[in-house]
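First up is the structure itself, then whatever we jot down about it.
The values are calculated or read from the model by the stated rules, or taken from the named source; none is laboratory data. Quantities reported herein were computed from a predicted structural model and do not represent experimental measurements. Every residue, glycine as well, gets a Cβ built from its backbone with ideal geometry; the counts of neighbours run over all protein chains shown.
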Amino acid sequence: MGAGLINAGLVAGAVLAAVPIILHLVLRQKPKHLVFPALRLIRLRRRANLKKMRLRQWMLLALRMALIALLALALARPVIQGSSFIRDQEAPVAAVLVFDSSYSMLYQQENKSRLERAQEIGMDLLPKLPDRSEIAVLDSSGSPVVLRADESAARERIEALKPTPTSVPVTDLVPEALKALADSPQLRKELYLFSDLAQGSWPSGRGAEIQQLAEAIDNLAIYVLNVGAKEPHNIAVASLVPSAQVLSRNSALILRVIVEANGTTGGERTVELYLDDGSDHAAPLKRGVENVTLSPGEAREVNFTLRALAGPVHQGFVRIVGGSDPLPFDDQRYFTLEVRPTIRVLLVTSRRGDVLYWEQALAPTQMVRKQRNLYECQVVSPKEFLEATLDRFAVVTLVNVPELPDQAWVRLREYVIQGGGLAVLAGRRLRPAGYNSAAAQDVLPGKLSGDVVFSDPPVYLNPSQFAHPVLAKFRQWEGGDLARLPVYRYLQIALDRENSLVVMAYNDQRPALVERRVGNGRVLLLTTSVSYRPDAQNWSHLPVGGWTFVALADQMTQYLAGSSGQRLNYEAGQTVTLRLDSGQQLADYLLITPEGQEPRRSSGSRASTFVVAGTQAVGHYRVQAGPQAGGFQKGFSINVPRDESRLEPVGRNQLDQLFGEDHYAFAEDTSGLERAIGESRVGREVFPILMVLLVGILAGEQWLANRFYRSENA
Amino acid sequence: MPKTVETYLKPEVIRTVSRLDLRAKFIVEGFLTGLHASPFHGFSVEFSEHRRYVPGDDPKDIDWFVYAKTDKYYIKKFEAETNVTGYLVMDLSGSMGYTYRQELTKFEYCICLAAALGYLMIHQQDSVGLVTFDQQMRDSLPPRSRRAQLGHILGLLARLEPKGETDVARSIHQLAAMLRHRSLVMLFSDLLAEPEPIMHALHHLRHRGNDVILFHVLDEAEMQFPFHGAVEFEDPESAERVTIDAAGIRSDYLESLGELIEYFRTECSSAGIDYVQIDTSTPFDKALVGYLGSRKARF
């Protein structure tokens, strides 16, 4: 972009600026000849007068020439910052119209959503594009950019725009649009962005790439049209977090709901909880109501407690009612819970006392009495273990077992491969040689050393990372007391690097808790003991660590049972992963979406994990499989990403960082957009300025001429 | 047709005056009637003798010293009562023959002035002579008081044509050296030369005791500069030519002229020289009467 002339031919009129000179030369009169005796008096002042006269004459000549030249230039209508040097202002353009169709564009103002307003302006724009222009329409669904000289197709595309819960940010769409424009053969390229500029759709970080792409394109004009509401305000269910997504039948659930008031207005709302009864096709019933009063910008937490959930899958929602809201989509959020029977755990020990603390941690006597235990523990001896039916148990835990015969390890391996969980807890009775056989090593994460490490002073568990599902919950407790419970003795383990990983180490860097995956199941090995005798030298004080020990036992067992880390609630666009239980396989299944039932599908494999990518529809989903696949029913919920409720617009400085200052035009209404387009295509006319200058020079010439001549006639 | 006294004493040649001698007489007689005494009285006085007072004499001429001694009234007689020697000094240079649009050239105008003044002096039985100059003194007529002297002066002037260059200062120096007695020098010139040498020469004249009246006569065009457009001016004496934009230089020219006139006025005043600046558009009778009146008032 630079400068140009609309009527370039008229610039030739500037040569008429030579007319005053020609007139002066042609019409210059031969001077009159007069006798004048007082020539001496003239001579005295002639030199200075000559200079003065010449200056005056030059000034007047210059003014007159400037007048003519300026008039010619003004008539040529110069423009700046336009592409008007492209002669034909009606030459076709390549135009990409990008519509932000994220959910924030559903904001209602003046009886229309922001998306509807953007559509209106886009429809008005289409006929104003030059004929045969190539047009592409993009939206937040991230469809490919295809430029076509087909206005009607573009119109249909704009009319069909719908909000997209899984929206691609506008800043990700811009590079794709620019690449398409760069390939277009049209001389002029135009990029239109229709958005409410909500921050969720305009993340920073791609400014350098966008500017680089834009600079490589000649005659590119970028227009950003802000269709957002002035001073948006919204009350939303900002988040909904259940205390657990998979829980046991006897456990209670706490639903933590955050209600947020954004913008300049607050208000009173009623928060309602709806939940079905866990059976298929059951309608949700109201299970809780809370009232909240919010000030502008305030967030409030509301908690609901649910008990006696029968399962297997409960789906519900939380919504706010009681006031008008210009953005209704975030007034409701969905959730899914999975309720399982109590997890059966087989505890194998050679001495009942060794398993006491561990058993009580999983199934406290009082909880069992009240039938509120999450786990059902059965304690057997190693000899009884050889006869036990392992399929009935979700987890097998070897507690301080001296050794097992090879066939027991073979059975355990098969059990784990099928999806079972195995925990091996060390102790003083454990004989490392019995765990280092080939059969045992097919299951275990490494070879145990015969040396017991006696640590004085004691070591402590060092949960440095909480990424592992076993430790995930400890993050919020900041590790609890794990790092404060002394460990005096532990076994050393030589890890099988290929198949194992260290879940947690001691503060002397040696492995404390190690995992190995075998087939569909998992194995955890704890190198210290969970047994405790008040009058003896104990390996550690973990068993007397209170709730920390209980949480460790709970999380290890849940993880081995496949319950921990199971996520049932997602945001639109995320990949859903559902783990199947032991014995369940995904063959043929039925997927029921919020939009209805989809045809029965077949995965063609015997996978134990159900994966759905790119979920769009918001609401509840159910996956059902027949008896031949294990007869399971799973569910999950999809919500609109929380960012879609963030209506605060990005500022101009952020747009400057994205596109480069002065490299885009900004408008907030149709007239502003038209003006910006005009200035870009034609350029900003300098004609008014030139006319003012012209009048000024004319006045100046008149004034000077009068002044010179008046002084001469005085 | 030879020019006569009548020709030069007609102030408005074409329209108003029929007999120039009557006009000149009117000026002189009217002046004398009104003023009762010669305007040239009372300068360069020298006591010559006493005579008895008779009624009609001016009481201010009574010599009271003699009265104190004798109780009788006697009048002092001065030479001025008896004779003034005047010289009409005419610039004959080429520039004096110039007029742009007046009826009289500067030279002709000066002759009118000279004729009137000559007539006045002869009428008072004073002697008047003529000196002409350009680059130096040229012609002269010795002072006489006879009535025919004016005719001789005008007759000589009528035969002369102003031409050539001028050296006013040199000519005046020459005149100053020539005059043996104190005289009244009436200089008629346009003074279009370096002013300092002219003033130096006039100082010389005054230093030798002469009374000087300087008539600085300029043409109306030289005073007003009524020219426009591109003009090629030619100096009639040096033939030098200069092409200028008349309108553009007008204000500067008038400023220079004003400075020149002011210079002469100031210097003449300090030298005791009567300076009379006249432009030829002014009727000469008015100019002369105006001057004579102011001179009488001083005496």
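Annotations
- One residue stands out in the range A:391-419 among those that are within 18 Å of A:K447 (Cα to Cα) and of a type in the set (A, V, I, L, M): the one that is surrounded by the fewest Cβ atoms within 10 Å (Cβ to Cβ), namely A:V410.
- All told, A:I42 meets the bar of being at pLDDT 80 or above, within 14 Å of another protein chain (Cβ to nearest Cβ) and more than 60 Å from the chain's Cα centre (by Cα).
- Taken over the range A:579-600, the criterion of being in contact with a Phe, Trp or Tyr (Cβ under 6 Å, 6 or more places away or on another chain) and modelled with pLDDT of 65 or more is satisfied by A:T593 alone.
- The single condition among (1) under 18 Å from B:F188 (Cβ atoms); (2) within 14 Å of chain A (Cβ to nearest Cβ); (3) not acidic (D, E) that B:Y253 does not meet is (1).
- Unique residue being farther than 21 Å from A:R351 by Cα and in contact with a Gly (Cβ under 6 Å, 6 or more places away or on another chain) when the list is A:N520, A:N499, A:N507: A:N520
- Considering residues of the range B:88-145 that are over 27 Å from B:R180 (Cα atoms) and under 15 Å from the mean Cα position of the chain (by Cα) only, the residue farthest from the other protein chains (Cβ to nearest Cβ): B:C112
- Test result for A:D643, at pLDDT below 90 and assigned to a helix (DSSP H, G or I): yes
- Strands (runs of 3 or more DSSP E) enclosed by the range B:67-160 - at least 1 residues per element that are aromatic (F, W, Y) and closer than 30 Å to B:F225 by Cα: B:127-133
- So B:E262, is it out of contact with any Lys or Arg (no Cβ under 8 Å at 6 or more places or on another chain), more than 23 Å from B:Q102 (Cα to Cα) and within 14 Å of chain A (Cβ to nearest Cβ): yes
- Of all residues in the range A:426-453, those being crowded, with 17+ Cβ neighbours inside 10 Å, part of a helix (DSSP H, G or I) and more than 48 Å from the chain's Cα centre (by Cα) number 1.
- Top-ranked residue of the range B:200-243 - restricted to ones that are under 18 Å from B:S93 (Cβ atoms) and away from chain A (no Cβ under 14 Å), ranked as surrounded by the fewest Cβ atoms within 10 Å (Cβ to Cβ): B:A201
- Flag if A:T270 is assigned to a strand (DSSP E or B) and of a type in the set (S, T, N, Q): yes
- Selection count where residues are buried (at least 17 other Cβ atoms within 10 Å of the Cβ), among the polar types (S, T, N, Q) and either under 24 Å from the mean Cα position of the chain (by Cα) or under 14 Å from A:P326 (Cα atoms) (or both), scope the range A:240-268: 2
- The set of residues in the range B:199-249 being aliphatic (A, V, I, L, M) and under 17 Å from the mean Cα position of the chain (by Cα) consists of B:M199, B:A201, B:L202, B:L205, B:V212, B:I213, B:L214, B:V217, B:L218.
- Residue satisfying all of: in the range B:178-199; in contact (Cβ under 8 Å) with a residue 24 or more places away in the chain and part of a helix (DSSP H, G or I); nearest to the other protein chains (Cβ to nearest Cβ) among these: B:P195
- Residue among A:G434, A:G450, A:G420, A:G446 that alone is among the small types (G, A, S), in contact with a Gly (Cβ under 7 Å, 6 or more places away or on another chain) and touching a residue at least 12 places away in the same chain (Cβ under 8 Å): A:G420
- First in the range A:307-323 and under 11 Å from A:S248 (Cα atoms) and in contact (Cβ under 8 Å) with a residue 24 or more places away in the chain, second anywhere and among the acidic types (D, E) and buried (at least 17 other Cβ atoms within 10 Å of the Cβ), Cβ under 9 Å, 6 or more apart: A:G311/A:E338; A:P312/A:E338
- Residue among B:A193, B:A201, B:A271, B:A297 that alone is aliphatic (A, V, I, L, M), modelled with pLDDT of 90 or more and farther than 25 Å from B:G97 by Cβ: B:A271
- Residue pairs meeting the criteria (Cβ under 6 Å; at least 6 apart or on separate chains; first under 12 Å from B:V276 (Cβ atoms), in the range B:210-234; second of a type in the set (D, E)): B:I213/B:D274; B:V217/B:D190; B:L218/B:D190; B:L218/B:D279
- Cβ-Cβ under 9 Å pairs, at least 6 apart or on other chains, the range A:500-513 side surrounded by fewer than 23 Cβ atoms within 10 Å (Cβ to Cβ) and of a type in the set (S, T, Y), far side at pLDDT 90 or above and in a loop (DSSP other than H, G, I, E, B): A:S500/A:L444; A:S500/A:P445
- Assessment of the range A:168-178 against the conditions (surrounded by fewer than 21 Cβ atoms within 10 Å (Cβ to Cβ) and part of a loop (DSSP other than H, G, I, E, B)) yields at least one matching residue.
Residue-by-condition table, conditions (1) at pLDDT below 90; (2) over 30 Å from A:L398 (Cβ atoms):
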site: A:V292; (1), (2): no, yes
site: A:E298; (1), (2): no, yes
site: A:R307; (1), (2): yes, yes
site: A:S324; (1), (2): yes, yes
site: A:Y334; (1), (2): no, yes
site: A:V339; (1), (2): yes, no
site: A:L346; (1), (2): no, no
site: A:L356; (1), (2): no, no
site: A:M367; (1), (2): yes, no
